[in-house]
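The structure under discussion is supplied below as structure tokens; questions concerning it will follow.
The values are calculated or read from the model by the stated rules, or taken from the named source; none is laboratory data. Treat the numbers as computed from the prediction; the structure is a model and nothing was measured. Every residue, glycine among them, receives a Cβ derived from its backbone with ideal geometry; neighbour counts consider all protein chains shown.
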Amino acid sequence: MMITRPYLFFLVVTTVAILLTACSDDPVGPPVVNDLLGVDTLVVNGTTLELYTDAPLATGGSVVKFRFLENNGIVRPADLRIRAEYRSGNTLQSAPVILPKGADDRGLYTSEFFFTRPGENNWTIIIERREADSIVATFSIPVVVENDPLTIVRYLKDADGTIWTVLAHGTKSRQATGLSFLVQGRRDLDHVVDADLSVRILATNPSTPQFDLGECFPDVDGRYRTTTPLPSGTWTVTAVLRKNNADVGSVVLGM
């Protein structure tokens, strides 16, 4: 069969169009996130930030997920600064936060914020996108934090001026394998984890003068876990913070 020139031209153009469509970077856009609660969407300097949670935010640990979009495609910034600030009158505080380890296949970063008090319009999650030590974009999203009466928060200021936040939960921290709680230090508004800071856990109740659960050290996020579980019953737990073989101070947690 002889192929005429007009038909050949149409065949070539159609083939090129199909190839261009197949090779486009993101013809359908980013994956839809429909299994999480959408908190807010913010656009700064051409970059869109989408913020999600898996449950309403509350005092204690709350998981927050977010991603960045540009030109209808996912971007994965390498350098982020993340914090949550609480403002009320002259009071300015921040919450301990576990930073994301990277983005998943949908471009979502996962952080955990340990809000220390409830607030309807006091808390703001701030995410800075940075490049070469310079801030490219700052995203500030107000959030509502509900009260969880089982959240236990204690503060301890050491001789160097660092304020240590010790955070536990009446049920989540008391696990079958031992106690789990968070300790992070704060100077200004940034929280840090000190690998040299150990915590010794002592517990008492009316029938037991002292039960020693041992000394534990943090993981990279500032979580401390004992290897000995707390027996059933109501206990008064004392966390003794230690550094360089010396006591920094102690806080009392009721469980």
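Going residue by residue through segment 86-96, is there one that turns out to be of a type in the set (S, T, Y) and touching a residue at least 40 places away in the same chain (Cβ under 8 Å)?
yes
Yes or no: A176 more than 18 Å from the chain's Cα centre (by Cα), under 30 Å from W235 (Cβ atoms) and among the aliphatic types (A, V, I, L, M)? Let's see the steps before the verdict.
Working: more than 18 Å from the chain's Cα centre (by Cα): yes; under 30 Å from W235 (Cβ atoms): yes; among the aliphatic types (A, V, I, L, M): yes.
Here the answer is yes, as A176 does meet what is asked.
Now for a different question. Residues of segment 95-108 being closer than 13 Å to V33 by Cα and crowded, with 16+ Cβ neighbours inside 10 Å, which ones?
Correct list: G107, L108.
Right, next: Kindly state which strands (runs of 3 or more DSSP E) lie completely within segment 152-238 and contain at least 2 residues that are crowded, with 20+ Cβ neighbours inside 10 Å, in contact (Cβ under 8 Å) with a residue 60 or more places away in the chain and not assigned by TED's automatic domain parsing to the domain that holds I98. Let's see the steps before the verdict.
Working: elements: 163-169, 178-187, 190-192, 198-205, 208-216, 223-225.
Output list reads 163-169, 178-187.
Just to verify a result, which residue in segment 134-172, among those that are of a type in the set (D, E) and touching a strand residue (DSSP E or B) at 6+ places or on another chain (Cβ under 8 Å), is farthest from V39 (Cα to Cα)? Working first, answer last.
Going through segment 134-172, the residues of a type in the set (D, E) turn out to be 146, 148, 158, 160.
Among the residues that remain, those that are also touching a strand residue (DSSP E or B) at 6+ places or on another chain (Cβ under 8 Å) are: 146, 148, 158.
Working: E146: 14, D148: 20, D158: 37 Å.
Checked segment 134-172; the qualifying residue farthest from V39 (Cα to Cα) is D158.
Only residues that are among the hydroxyl-bearing types (S, T, Y) and within 24 Å of R186 (Cα to Cα): list them for segment 36-88, please.
T59, S62, Y86, S88, listed by residue number.
Counting only residues that are on the phi > 0 side of the Ramachandran plot and acidic (D, E), how many does segment 218-237 have?
Qualifying residue count, segment 218-237: 0.
Name the residue that is modelled with the highest pLDDT, counting only residues in segment 55-79 that are surrounded by fewer than 16 Cβ atoms within 10 Å (Cβ to Cβ) and either under 22 Å from V220 (Cβ atoms) or not assigned by TED's automatic domain parsing to the domain that holds N122 (or both).
V63
Here's a follow-up. Here are some conditions: (1) at pLDDT 95 or above; (2) within 16 Å of the chain's Cα centre (by Cα). Y155 meets all but one. Which one does it not meet?
It fails just one condition, (2).
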